[in-house]
Amino acid sequence: QTALELSGVTKHFPLRRRVTVALDGVDLTVGKGEFVSLLGPSGCGKSTVLRLLAGLEEPTAGQVRVDGRPPAALVGEHRLSVAFQQHALLPWASVAENIALPFRVAGRPVDRARIAELLRLTGLTDFAEARPRQLSGGMCQRAAVARALALDPEVLLLDEPFGSLDAVTRRRLNFELARIWTERRITTLLVTHDVAEAVLLADRVVVLTGRPGRVRHVEEVGLSRPRS
Ligand code: ADP
Ligand code: ADP
């Protein structure tokens with residue numbers, strides 16, 4: 001069953017008299033419950049793919065579907081969430097309040113048990129009352145992932161969620177994340193330029209190829225690992 005689908009997707013960004021072709025006829029599908037990593041050189045259109053799937057951009061041509069519907073539908077139902085590199089935690093709110101934010105945005109009562117579970121999953125229980133600036137970069141990024149998981153989304157879009165971290169911290173977070181994903185199957189598309197991270201976390205790795213401003217297509221690479 002297909003959860004995420006781009007078919008023949010082209011995206012142009014007009015800038016004055018020039019047009020940047022960010023994507024040109026891209027096809028990509030992600031199955032329900034599948035974790036796919038999207039690799040590719042800088043500027044090849046990875047973030048654009050995520051922004052299209054998050055309903056933050058409209059394709060110039062082609063179709064973008066999530067569960068067979070326009071992405072905005074799932075966003076409106078709080079069934080799709082995103083965690084980008086700029087984790088944008090509220091600086092004046094505690095870690096627990098930051099993780100609870102999606103409940104407030106959705107106008108739902110805050111599920112304290114769920115917040116406690118997410119704090120535990122991401123190893124932040126002892127820091128529930130701390131402010132983001134009191135935490136390390138890795139802890140902020142864990143909090144951002146916890147926040148993205150708050151409403152138990154069916155679809156998660158991750159754009160370089162560990163982008164600013166050193167390699168060792170990053171790898172440790174990868175292992176922590178892999179553990180969370182063995183507990184719950186969420187359809188996930190992870191954008192990264194870190195090949196090891198892509199392979200470590202994903203059921204399947206795809207590479208967005210092509211030169212900047214030129215044709216792009218998605219290539220399957222033989223880097224899938226079996227999952228128990
Ligand atoms: P990646 O995430 O792989 O680094 P992006 O999706 O961010 O690539 O960008 C793909 C191309 O589209 C790049 O050439 C980038 O400069 C261009 N681009 C992305 N967003 C915009 C925008 N809002 N306006 C103009 N050009 C953009
Ligand atoms: P991360 O891998 O999440 O970036 P660090 O390597 O920075 O974490 O820190 C490792 C551990 O040190 C944390 O899990 C935490 O227990 C502790 N720690 C980090 N920052 C702080 C802080 N500001 N106050 C208290 N303990 C901290």
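The values are calculated or read from the model by the stated rules, or taken from the named source; none is laboratory data. Note that the coordinates shown come from a computational prediction; the quantities given were computed from them, not determined experimentally. Methodologically, a virtual Cβ is constructed for each residue, glycine included, from the backbone with ideal geometry; neighbour enumeration extends over all protein chains shown. The accessibility values were calculated without ligands, DNA or RNA, using every heavy atom of the protein model including side chains. Shrake-Rupley method; radii C 1.70, N 1.55, O 1.52, S 1.80 Å.
Data overview
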{"item": "The chain: calculated mean residue ellipticity at 222 nm from DSSP helix runs of at least 4, using -39500 (n - 2.57)", "result": "-9500 deg cm²/dmol"}
{"item": "Three principal axis lengths of the stretch 44-110 [C-alpha, angstrom, descending]", "result": "42, 27, 13"}
{"item": "Given charges at beta-carbon only (K, R positive; D, E negative), |dipole| of the stretch 1-104 in Debye", "result": "340 debye"}
{"item": "Spatial extent of the stretch 1-82: Rg and Dmax, with the Cα atoms as the point set, Å", "result": "12.9, 42"}
{"item": "Relative packing of 164-170, 30-36, 48-54, which averages over residues the other C-beta atoms within 10 Å, highest first", "result": "48-54, 30-36, 164-170"}
{"item": "Taking the C-alpha atoms of the stretch 71-131, convex hull volume expressed per residue in Å³", "result": "101 Å³"}
{"item": "Top of Glu97, Glu77, Glu176 by mean-square fluctuation, Gaussian network on the chain, Cα under 10 Å", "result": "Glu77"}
{"item": "Net +/- balance of residues flanking Pro71 in space, Cβ distance below 13 Å, scoring K and R +1, D and E -1", "result": "-2"}
{"item": "Where the stretch 82-179 is the region considered: accessible area per residue in Å², 1.4 Å probe", "result": "47 Å²"}
{"item": "Net +/- balance of residues flanking Leu119 in space, Cβ distance below 14 Å, scoring K and R +1, D and E -1", "result": "-1"}
{"item": "Size of electric dipole in the stretch 149-197: Cβ of Lys, Arg +1 and of Asp, Glu -1, about Cα centre, debye, nearest 20", "result": "200 debye"}
{"item": "The chain - percent of accessible surface contributed by carbon and sulfur, probe 1.4 Å", "result": "54 percent"}
{"item": "log₁₀ of I(q)/I(0) at q = 0.09 Å⁻¹ - the chain, Debye sum with one point per alpha carbon", "result": "-0.37"}
